[in-house]
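The values are calculated or read from the model by the stated rules, or taken from the named source; none is laboratory data. What you see is a predicted model, and the numbers here were worked out from it, not measured in a lab. As a convention, Cβ positions derive from the backbone with ideal geometry for all residues, glycine included, and neighbour counts pool all protein chains shown. Heads up: the accessible areas ignore ligands, DNA and RNA and are worked out on the full protein's heavy atoms, side chains in. Shrake-Rupley method; radii C 1.70, N 1.55, O 1.52, S 1.80 Å.
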Amino acid sequence: MDSRVPRYPCAPRAPDQRQRGRRAEHADEVIIATSFVAYHPMTTTALPTTDDFLGHPKGVYVCFFTEMWERFSFYGMKALLLLYLTKYHLFGDKAGLDLLGAYGGLVYCIPVFGGLLADRWLGMRKAVVFGGVLLVLGHLGMAFEGHAAARIDGQVVRDDAALGITYLSLALIIMGVGFLKPNISTIVGKLYPEGDPRRDSGFSLFYAGINLGALFASLVCGFLGEAYGWKYGFGAAGIGMVIGLAMFLWGQKYLQGHAEPTNVAALRQRIAGIPREGLIYGIAVLGVIPVAALMWSAANGAFAIGGEISLALLLMVVVLGGVLLWFAWFTGTRCTPVQRQQMIALMALIFMALVFFTLYEQTYGSWVTFTDRMLTKDLVPALVIQGGTPIPWSIASLLLAPLGFVVAARLSERRPGSSAPRNLFIAIVALMLVLLIRDCLVIPQTAGSLTYLGGLFLVVLAPLFAVLWAWLDKRRLDPSKPVKSSLGLVFAALSFIPLALAAQQVGSTGQMASVWWLVLAYLVLEIGEMCLSPVGLSAVTQLAAPRVVSLMMGTWFLATAFSETLAALFGKLAAIEVPEGESMNIAAAAASYEHLFWLLMWIGLGCAAVALAGSPLLKRMMHGVK
């Protein structure tokens, strides 16, 4: 049973639960947070004294690898989606961004329901497994690309059957993420005892798994899709999800029972002759059909209000309204004054995340099209392989990760005091680093593959920020969570300056600008993400009422859902629609991008100023949570 769920909502916690904040991450934990890590099996009935591995519970590594592979599949597909729609199926920028925004919004909106169902009935383990199965089916379906679109007599003729499979596959992915995403994050928080000072560094480790997956996804899927064919990029993403699901099934017994259903009898209860568990699965599968219809409507502009507000966006507005009504009722009737203030502070942090990810999601929208059209692609052109179609060696890294995981686990189990698992871990990480550097420098990069820069900088910055927060904490200078989130907004806003300058240069010279403008933009953006995202995920598990932790984690992702749609709406300000027979006006296109980038910078800075001004009040409302 999951001991975190009390008999009544917002039941009193252990006396010190909210009073203990984050403390320094240790040096070995800093190393872990940027690497693929080994994992040591254990039993659920008799926990060994070596339950920790490299400073963290072993179950965290199960979540780490599961999330790494899930994000590999997700970001591998996402890196290709807009380019696939605009280059292969000849969608215009606006139609492509509409579908990208609807997909991105719903993929983070559905976790509200997935979190609620896991909290109430399924338990986190069952929800993650079911979501993983749907994700496997969805990603493999994306590998069916059909025939390329063609212009015939001024009209675009597309393969409607292939697009239908694409919409259905996107719907499966949306539903799968809805069940997996909020619950895998919640499991991480439950693996640490109350007041455990390793909690934030554990989330940093988990967050590194997300970004390792994104890093290798872009280098592998992004490159394969454009160099070899879209089906190869999407197919690689599907294989990654298969491995991620297998890793979770293999390691679920190491979660110490925290992810099990809270009321097995209620789960088996029959409704209309069908067990509740089967009914939940059945409704979710049937729900894929209307979601696929929403994908079709977004791509074709059907039923859009004013040509801009899609049905998918309307659905998210309804969900948001429902969540806000529930939040007002729950905090007003089921919480103590302290808990109410903590929940309100959490909602403020979630709103900061909404603004941040509205800026961040330009990386898969306007940043991708801007890079494709107006920037050089290779970091060091003299080193790039010329001729032929090279294979990313990072594929070997993806195979080494699970192999090293299993081998190190066995070694750690048989020889608990041995240094062999750690040495093996270091050797595998070193080899992966070599293969990664090789691919970054010698593989011809594309607009899709260059999205790896985000994951790369986050992995590099993770240990630096862990050391920085520890250093500040020892001197009692560690910023509060609201201040860190505000700083995240500042850096997100500043990241648009290099791209605005690059667009200005293209407009004045008519020549492609250097890719190093993009590198600088990603560096600044990821500094902001390191400030905001890991502490935000940790805050959900610390500030949310015990019975609704997964639901509030879903609400965190609901903020990301709206950020996706808002990002698409902003991206359309720089959408380029080139009439048949004409070429793109470089100067006009560059001016559109420049205007968008400056606009987003000012919006980000304005929101950051408001957030910084309100940080002292939010800190008091958190009542000791740091």
**OP:** Restrict the check to segment 467-485 and report whether at least one residue is surrounded by fewer than 21 Cβ atoms within 10 Å (Cβ to Cβ) and under 30 Å from L313 (Cβ atoms).
**Re:** no
Original post:
Restricting attention to segment 329-346, which residues are open to solvent by less than 60 Å² (accessible area, probe 1.4 Å) and among the hydrophobic types (A, V, I, L, M, F, W, C)?
Top reply: F330, C335, M343, A345, L346
**OP:** Return the only residue of I309, I350, I305, I344 being more than 27 Å from the chain's Cα centre (by Cα) and not polar (S, T, N, Q).
**Re:** I305
Subject >> The listed residue being surrounded by 22 or more Cβ atoms within 10 Å (Cβ to Cβ) and at pLDDT 90 or above, out of F234, F248 >> reply: F234
Original post:
Only one of these conditions is not met by P390: (1) open to solvent by less than 10 Å² (accessible area, probe 1.4 Å); (2) at pLDDT below 90. Which number is it?
Top reply: (1)
**OP:** Any residue in segment 423-442 that's in contact (Cβ under 8 Å) with a residue 60 or more places away in the chain: show its pairings with residues that are loosely packed, with under 15 Cβ neighbours inside 10 Å and part of a helix (DSSP H, G or I) at Cβ separation under 9 Å, as long as the two are six or more apart or on different chains.
**Re:** I428/L403; M432/A396; L441/L383
Original post:
Quick one: S218 ticks every box in (1) under 24 Å from G141 (Cβ atoms); (2) open to solvent by 10 Å² or more (accessible area, probe 1.4 Å) bar one, so which box is it?
Top reply: (2)
Subject >> Test: residue in segment 168-178 that is at pLDDT 85 or above, over 19 Å from G209 (Cα atoms), open to solvent by 40 Å² or more (accessible area, probe 1.4 Å) and not in a loop (DSSP other than H, G, I, E, B) >> reply: yes
**OP:** Select from segment 491-523 the residues that are within 21 Å of the chain's Cα centre (by Cα) and buried (at least 20 other Cβ atoms within 10 Å of the Cβ) and write down the one among them that is nearest to T560 (Cα to Cα).
**Re:** A492
Original post:
Only one residue in E577, E564 is outside any helix (DSSP H, G or I) and either buried (at least 20 other Cβ atoms within 10 Å of the Cβ) or not polar (S, T, N, Q) (or both). Which one?
Top reply: E577
Original post:
Of the residues E277, E260, which is assigned to a helix (DSSP H, G or I) and either surrounded by 19 or more Cβ atoms within 10 Å (Cβ to Cβ) or of a type outside the set (A, V, I, L, M, F, W, C) (or both)?
Top reply: E277
Original post:
Can you name the condition, by its number, that A292 falls short on among (1) surrounded by 22 or more Cβ atoms within 10 Å (Cβ to Cβ); (2) at pLDDT 90 or above?
Top reply: (1)
Subject >> Any pair with Cβ under 7 angstrom, 6 or more apart, that starts in segment 456-473 at a residue that is within 18 Å of F203 (Cβ to Cβ) and ends at one that is among the charged types (D, E, K, R) and open to solvent by 30 Å² or more (accessible area, probe 1.4 Å) >> reply: W469/D478; L472/D478; D473/R23
Subject >> Qualifying residue in segment 348-367 (condition: within 30 Å of L85 (Cβ to Cβ), out of contact with any Pro (no Cβ under 9 Å at 6 or more places or on another chain) and at pLDDT below 85) >> reply: no
Original post:
In the list L81, L134, L90, L100, which residue meets the criterion of being over 17 Å from V291 (Cα atoms) and in a helix (DSSP H, G or I)?
Top reply: L81
Subject >> Complete set of residues in segment 365-387 that are part of a helix (DSSP H, G or I) and either open to solvent by 10 Å² or more (accessible area, probe 1.4 Å) or free of Cβ contacts under 8 Å to residues at least 12 places away in the same chain (or both) >> reply: T369, D372, R373, P381, A382, L383
Subject >> Candidate set from segment 103-119 (those that are over 30 Å from A266 (Cβ atoms) and modelled with pLDDT under 90); member that is nearest to the chain's Cα centre (by Cα) >> reply: G104
Subject >> Filter pass, V133 being among the β-branched types (V, I, T) and surrounded by fewer than 24 Cβ atoms within 10 Å (Cβ to Cβ) >> reply: yes
**OP:** For P463, state whether it is assigned to a loop (DSSP other than H, G, I, E, B), open to solvent by less than 50 Å² (accessible area, probe 1.4 Å) and farther than 25 Å from F248 by Cβ.
**Re:** no
Original post:
Residues of segment 580-608 being more than 21 Å from A513 (Cα to Cα), without any contact (Cβ under 8 Å) to a residue 40 or more places away in the chain and either within 25 Å of the chain's Cα centre (by Cα) or surrounded by 13 or more Cβ atoms within 10 Å (Cβ to Cβ) (or both), which ones?
Top reply: G606
**OP:** Report the residue count in segment 437-448 for those that are more than 17 Å from the chain's Cα centre (by Cα) and open to solvent by less than 10 Å² (accessible area, probe 1.4 Å).
**Re:** 3
